[in-house]
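Working notes for the structure below.
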Amino acid sequence: MKRNLLIILIITSGVFGADQIEPSEDQKTDIFEKEGEPVTLKCDYDTSSENVYLYWYRQYPNRALQYLLRRGARRESYSHTSDSRFSSTASRSSTELTVRGLRLADTALYYCALRVGAQ
């Protein structure tokens, strides 16, 4: 029996100056999906830097953030993930996290974050 999962996307913008990251306008913040299905979360970001680093985390109630994935964008193109079910794409202004094969344990708050390097 497939159960519905709730994924909540919360965006953090702990960056400096005019750099920012936020949910895409068309991104729902409460997502219900069935176990085994994929889900994609999307954030838009804005920065003048060419050295862009994008991160995804999740958080269970009363727990610390759990690292999921990091990827470079613009000048950097690498990607690193803690679990092969997580993948990410990035453009010059947005990033997506795809979680394949959803499990009940994926029910959590999800965060995206932006870090920019020196020019």
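Go through segment 31-98 and name the trypsin sites (Lys or Arg not before Pro) that are in a DSSP coil and have 13 or fewer other Cβ atoms within 10 Å of their Cβ. Counting only loop positions with at most 13 other Cβ atoms within 10 Å, the trypsin sites (Lys or Arg not before Pro) in segment 31-98 are Arg63, Arg75, Arg92. Judged by the ratio a/c of the largest to the smallest principal axis of the C-alpha gyration tensor, segment 18-111 counts as prolate, that ratio being 1.5 or greater while a/b is larger than b/c. Compactness of segment 69-119, taken as the C-alpha radius of gyration over 2.2 N^0.38 Å, stands at 1.26.
FYI, it's all coordinate maths here, none of it is from the lab. These figures come from a predicted structure and were not determined experimentally. Cβ: placed from backbone, ideal geometry, glycine included. Neighbour counts: every protein chain shown.
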